[in-house]
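For reference, the structure discussed in these notes is given below.
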Amino acid sequence: MKTAYDLLKEKELITREVLAAEVDGKVVDLTTEVEEGANVVPVTFETLEGKKVFWHTASHVLAQAVKRLYPEAKLAIGPAVD
């Protein structure tokens, strides 16, 4: 089975701007295995979904950096907010 990345690459739709993929209307990461025949389109920061993917990933990176600097820090859960 191929990944979303593989299918987008075959269609020559992979660029540096691609953050994720939309598979049959659902946003997934590029390593997600995709059923043959699925509709796969790239997701970039230019879309609301792309912004949400970026913000979510950035939240994880920030949390990891905080924990490295302050191991005793307590992290909260929740979605990114405006």
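FYI, it's all coordinate maths here, none of it is from the lab. None of these values were measured; they are calculated from a predicted model. As a convention, Cβ positions derive from the backbone with ideal geometry for all residues, glycine included, and neighbour counts pool all protein chains shown.
Cα centroid separation, the range 1-18 to the range 42-67: 19 Å.
Nearest 500 deg cm²/dmol is fine: what mean residue ellipticity at 222 nm does the chain get from its DSSP H runs of n ≥ 4 alone, each adding -39,500 (n - 2.57), divided by its residue count?
The helix-only estimate for the chain comes to -11500 deg cm²/dmol at 222 nm.
Each of the peptides 54-60, 3-9, 26-32 was scored by the mean count of other Cβ atoms within 10 Å over its residues; in descending order, highest first, they stand as 3-9, 26-32, 54-60. Which net charge results when you count Lys and Arg as +1 and Asp and Glu as -1 among the other residues whose beta-carbon is under 10 Å from that of V34? Surrounding charge for V34 is -4. If you run the Gaussian network model on the chain, springs between alpha carbon atoms under 10 Å, then out of A21, A38, A65 the most flexible one is A65. Taking other residues whose beta carbon is less than 13 angstrom from the beta carbon of T47, and scoring Lys, Arg as +1 and Asp, Glu as -1, yields -2. 3J(HN,Hα) along the range 37-53: x, 6, 8, 10, 10, x, 10, 10, 5, 5, 9, 4, 4, x, 4, 4, 4 Hz, from the Karplus curve 6.51 cos²θ - 1.76 cosθ + 1.60 with θ = phi - 60°, whole Hz, x for Gly and Pro.
If you look for lysine pairs in the chain that are eight or more places apart or on different chains, how many of them have Cα atoms under 18 Å apart? Taking the Cα cut-off of 18 Å, the pair count is 4. For the chain, averaging the sequence separation of C-alpha pairs within contact (under 8 Å, six or more residues apart) and dividing by the residue count gives a relative contact order of 26 percent.
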